[in-house]
1. Does A:ALA114 count as away from chain B (no Cβ under 14 Å), open to solvent by less than 10 Å² (accessible area, probe 1.4 Å) and touching a His at 6+ places or on another chain (Cβ under 9 Å)?
2. Scan segment A:209-232 and give yes if some residue there is within 9 Å of chain B (Cβ to nearest Cβ) and either hydrophobic (A, V, I, L, M, F, W, C) or free of Cβ contacts under 8 Å to residues at least 60 places away in the same chain (or both), otherwise no.
3. For B:ILE3, which of the numbered conditions (1) surrounded by fewer than 17 Cβ atoms within 10 Å (Cβ to Cβ); (2) assigned to a loop (DSSP other than H, G, I, E, B) fails to hold?
4. Give just the number: which of (1) open to solvent by 20 Å² or more (accessible area, probe 1.4 Å); (2) under 25 Å from A:MET312 (Cα atoms); (3) assigned to a helix (DSSP H, G or I) does A:GLU248 not satisfy?
5. Any idea which residue in segment B:5-29 is nearest to A:SER322 (Cα to Cα), counting only those that are within 11 Å of chain A (Cβ to nearest Cβ) and touching a residue at least 40 places away in the same chain (Cβ under 8 Å)?
6. If you take just the helices (runs of 4 or more DSSP H) that sit entirely in segment A:271-341, which of them hold at least 1 residues that are open to solvent by less than 40 Å² (accessible area, probe 1.4 Å) and farther than 25 Å from A:VAL24 by Cα?
7. Within segment A:61-75, can one find any residue that is in a helix (DSSP H, G or I), among the aliphatic types (A, V, I, L, M), crowded, with 22+ Cβ neighbours inside 10 Å and touching a Lys or Arg at 6+ places or on another chain (Cβ under 8 Å)?
8. What are the residues in segment A:44-60 that are assigned to a helix (DSSP H, G or I), open to solvent by 60 Å² or more (accessible area, probe 1.4 Å) and either within 14 Å of chain B (Cβ to nearest Cβ) or under 20 Å from B:PHE107 (Cβ atoms) (or both), if any?
Amino acid sequence: MKRKKRGTILFSSPPSIIANAAVVGKTEGEGPLAAHFDAICQDDRFCEKTWEKAEASLQKQTLSTAIKKAGLSADDIDMLFSGDLLNQCVASGYCARDMRIPFFGLYGACSTMAEALTLAAVMTGGGYAERAAAVTSSHFCTAERQFRFPLEYGGQRTPTSQRTVTGCGAAILSRTRKPPYILCCTPGRVVDLGIKDINNMGAAMAPAACDTLVSFFSDTGLSPSSFDLILTGDLGAAGADLLLETAERAGISLRSNYDDCGRMIFDSRAQDTHSGGSGCGCSGAVICSYVLNQMRIGKIASVLFVGTGALMSPTVLNQKESIPCIAHAVYISNSTAFKGG
Amino acid sequence: MQIGSADYQTLVKRFSKNSRTAKNTLNAFWTGGLICILGQALLDLFDSQKHLTHDEAVAAVTVVLVLLSALATGAGLYKPVAKFAGAGTLIPVTGFANAVVSAGLEFRSEGLVTGLGIKLFTIAGPVIVYGSAASFIYGVILWIIKTLA
C-alpha cells in the first residue's frame, strides 16, 4: 500500500468487490434505474411499526441479499462498515445487532458509501480482514421527520431541494482476485464555502467534490478521460452543474463522462423530485446496482466514484452556521493495472 | 485553484433556480380566496341559525374549518393540495390545523406523552407564542389609548 502527498491510498493488492445488492422503496422503483435493483419494496414501512425499524429492516434485507449473492453467510464477513442519516446511526446499529458481524458505524451524510468502501477496502487490501461489507441506507420518512417536517405537513419546496432516497446499497469486499477492484481511494477534507441553505445542499457539497477531485488527479497523475464514468453522489441537478463549473475553473474538464447519482435515480420532471435524490441510500443504491452491474458485464470498465456529504444538523443550522461538506473518491476498475503515477 | 467564498455565492445564485413566485402567488391567492369564500358561506349559514349569536357563529366557522383540515390531513389529502396552494392553505386556520395534526400523526410512534404530547406544537408553537404575545401588546396599547381618551 502506498500513500500519496494529498492523502490518496494506492492498494498494492487491490481488494475486489465480489458481490453487491440494492433494495429501494416504491418511488425509487418507479424511476429510471428500476430494472437494476435487486428488490423494490412496495411498502415503505417494510412490514415494521416505525420508520426507523423499517430502515433497519431495509438494511438487513440488502446486506443479506449481498451476502447470499457472494455465496457466503454472515459468519464469513469479518467486518461491517455501515452508516445512515439517523441520529446515532440507529438503522445501522439495529441491522448490525441482528447480523452479528463485527461492526463500525459511520456517519458521512450522503458520502457514507464512499467512506464505507474506503474503510472496507483498506481493511481487506491491508490484510486485516478477509472479507468486509460496506453498507449505507437512507429512508425518506425517517429523514423527513428528523431533518424537516412531519410527513403530512403541507408545504412547498424550492427547486434546488432534493428528495431523500428510500434505499440501501451493500457491497462485499474480499481479498479474492476477481474484478471489479478498488484500486485507490482519496479521503476528503472538509470544505465549507459558507452555504447555509438546507434546501440547496448540492451547492454546499460541490466545492468539497471539486477539492477531492483536485487531490485525486494530482496524486494519481490520471485525467478525467482515463475513466468511463465519473460519478458524484449526490449533488443533484443544481450541485452537478456547479461542480462542472468549479472543476472547469480548477482545470478539470468533466463534461464528457460525468453524472451524478442524485440525477440518475429519479426522473425529476415526471416524479417531481426537484433537484434529484439525496441521502446515503441514493449513491449506495446506484453504485451497488446499476454501476457495479454494468462493470460486471463489461459495459463500464472504470469508475471514479466521489461520494459527497453535507455534514449538517438542523440544530446547528438554526444557530446560523454554514454547512461543512466532505467528499471521498474511490477508483473502481475491472483491471488491476493502475495506469497512473 | 479553489474558488473563494464570495465568488462562489455569486456562482450559486446564478446556477440555482428560484421558486416561481408569480405562479405560486397567483395559486395561493385564488385557493386561499376559495377557503375564505367557504368560511363566509359557513358564517352566513350559522348566522341564519336563531340559536347562535354572531360571536358563536364565528367560532363555529373556525371549528368546522379546523375539523375539515384535520380530517384532510389524516386522510393524506391535505399535502398534495398544499403543495399546489402554498400560502393559500397555510395562512387560513387550515394551515394551523394541518401543522398540529401532522405533528400529532408523525410523533405518535414515540408515545402519547414523550412523542405526541411533546411534539404536537413543534411547528404551530411559534404561532401560539407570538400570537399570544402580540395580542397582549395590542391589549396594553388599546388600554393606554382608552385611558388617555
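The values are calculated or read from the model by the stated rules, or taken from the named source; none is laboratory data. Keep in mind that this is a model prediction, so the values were computed, not measured. Backbone-built Cβ (ideal geometry, glycine too); neighbour counts: all protein chains shown. Keep in mind that these areas ignore ligands, DNA and RNA; they rest on the heavy atoms of the full protein, side chains included. Shrake-Rupley method; radii C 1.70, N 1.55, O 1.52, S 1.80 Å.
1. Taking the combined requirement at face value, the residue satisfies it.
2. yes
3. Failing condition for B:ILE3: (1).
4. (2)
5. B:ASN24
6. A:314-318
7. So far as segment A:61-75 goes, no, none of its residues is in a helix (DSSP H, G or I), among the aliphatic types (A, V, I, L, M), crowded, with 22+ Cβ neighbours inside 10 Å and touching a Lys or Arg at 6+ places or on another chain (Cβ under 8 Å).
8. A:LYS53
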